[in-house]
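Just so it is clear, none of the values below were taken in a lab; they were calculated from the coordinates. Remember, predicted model here, so these are calculated numbers, not experimental data. Note: ideal-geometry Cβ built from the backbone for every residue, glycine included; neighbour counts use all protein chains shown.
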Amino acid sequence: MKKNIHPKYNKNCQVKCACGNSFVTGSTKDEIYVEICGACHPFFTGKQKLVDTARRVEKFQAKTAKSKALSDTKPAGKKKVRRAVKKAAKSEK
C-alpha cells in the first residue's frame, strides 16, 4: 500500500443541517452541511413535509383538472356510439 496518498481522517467532523440540528461524526472533512437529517426527515419524524421549489405538484394538479374538464365536455366519438348501439341491440334480442 502506498504511503501518504490517503486523506486525513477527522474523528470530530461537525455535520450541520438546514433545520438547525448538528451532530459529530467521522469524515475526511471538518464540516459538512446537509439539507435533511434524521431530526427533520419525514420518515423519522412521522410528519409529512412537502418541499416543492419548482411548483411541480401544483402544475400537475392543474393539468389533471384541465384534462378532466375537457374530457367531461368532449362528446363521445362515433365508434363509441356505434358500439353502444350494437350492444343495446344485442341485449334487446
Task: Dimensions in Å of the chain - Rg and Dmax from alpha carbons - done: 29.5, 91
- [ ] Pop out the ³J(HN,Hα) list for region 5-11 in order, Karplus 6.51 cos²θ - 1.76 cosθ + 1.60 with θ = phi - 60°, rounded to Hz; leave Gly and Pro as x.
- [x] 10, 8, x, 6, 8, 9, 7
- [ ] List every residue whose amide H lies under 5 Å from the amide H of Ile32, counting only residues 5 or more places away in sequence or on a different chain, with H placed 1.01 Å from N in the peptide plane.
- [x] Gln14, Val15, Lys16
- [ ] Report, as a whole number in µm² per second, the diffusion coefficient that Stokes-Einstein gives for region 1-46 at 10 °C and 1.306 mPa s using the Kirkwood radius over alpha carbon pairs.
- [x] 131
Task: Relative packing of 54-67, 28-41, which averages over residues the other C-beta atoms within 10 Å, highest first - done: 28-41, 54-67
- [ ] Report, by chain and number, residues whose modeled amide H sits under 5 Å from the one on Asn10, excluding near sequence neighbours (fewer than 5 apart, same chain).
- [x] Ser27, Thr28, Lys29
